[in-house]
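Step one of this worksheet: look at the structure below.
The values are calculated or read from the model by the stated rules, or taken from the named source; none is laboratory data. Please read these numbers as outputs of a predicted model, since none were measured by experiment. Don't worry about glycine lacking a Cβ; one is built from the backbone with ideal geometry, like all the others, and counts go over all protein chains shown.
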């Protein structure tokens, strides 16, 4: 076993020894698919840090996240956890996915793993070229890299809790699914747009390959 000072210095540079306590939030329709559960059970948390879980059952997804984060920020102890991890009930992250997001978030306010929309024509959830602010066309994957983007999805994403304490947002109404010209803006991109206007930054870590389960067809994309 390699216990050299160089190894520990690498962990220190990657931020593994800071407080990584995290609240895991999942909105669910009430049943978690069996193909998803093993990946969740295998997920590695932060070194010497807590990992608490909050489930929101049968709520519209934007309301679920708003209600869960409001609960977190109103609970002594939990409100001081530095990170929130959003995990949706049809996503299968790799065992080291959270550890890698801890590494990649250091210069960002939220980071997501890489997953794809379901179906043969699915696109990667890499939303928007930063050279074109407030646009959200899916970007081409750059393998094994940290890609700055205009917005991220919430299927497997790490967020700094401090973002939600920013009083420039309307407390308790961070996320909203709403109509936009040309289509619907999902709750995650709605929040990312508001946050980007305030200077917050987002990225996708393409090292973190997350499966996206099509439950009726029993296929993971």
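A few notes on this one:
- Answer from 112, 49, 42 - the residue that is closer than 17 Å to residue 208 by Cβ and in contact with a strand residue (DSSP E or B) (Cβ under 8 Å, 6 or more places away or on another chain): 112
- On inspection, residue 143 does not qualify as touching a residue at least 24 places away in the same chain (Cβ under 8 Å), in contact with a strand residue (DSSP E or B) (Cβ under 9 Å, 6 or more places away or on another chain), assigned to a loop (DSSP other than H, G, I, E, B) and closer than 26 Å to residue 21 by Cβ.
- Residues of segment 130-164 satisfying the condition of being closer than 19 Å to residue 87 by Cα and surrounded by 21 or more Cβ atoms within 10 Å (Cβ to Cβ): 151, 152, 153, 154, 155, 156, 157, 158, 159, 164
Residues are listed down the side, and each one gets a yes or a no for (1) modelled with pLDDT of 95 or more; (2) over 19 Å from residue 154 (Cβ atoms); (3) surrounded by 14 or more Cβ atoms within 10 Å (Cβ to Cβ):
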{"position": "13", "(1), (2), (3)": "no, yes, no"}
{"position": "16", "(1), (2), (3)": "no, yes, yes"}
{"position": "21", "(1), (2), (3)": "yes, yes, yes"}
{"position": "54", "(1), (2), (3)": "yes, no, yes"}
{"position": "64", "(1), (2), (3)": "yes, no, yes"}
{"position": "74", "(1), (2), (3)": "yes, yes, no"}
{"position": "85", "(1), (2), (3)": "yes, no, yes"}
{"position": "108", "(1), (2), (3)": "yes, no, yes"}
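- Selection count, segment 65-123, where residues are assigned to a helix (DSSP H, G or I), touching a helix residue (DSSP H, G or I) at 6+ places or on another chain (Cβ under 8 Å) and farther than 28 Å from residue 170 by Cβ: 0
- Qualifying residue in segment 159-170 (condition: in contact with a strand residue (DSSP E or B) (Cβ under 7 Å, 6 or more places away or on another chain), under 14 Å from residue 116 (Cα atoms) and not in a loop (DSSP other than H, G, I, E, B)): no
- When 199, 179 are checked against the criterion of being loosely packed, with under 15 Cβ neighbours inside 10 Å, assigned to a strand (DSSP E or B) and either at pLDDT 95 or above or over 13 Å from the mean Cα position of the chain (by Cα) (or both), a single residue qualifies: 179.
- Restricting attention to segment 202-221, the residues that are part of a loop (DSSP other than H, G, I, E, B) and surrounded by 20 or more Cβ atoms within 10 Å (Cβ to Cβ) add up to 1.
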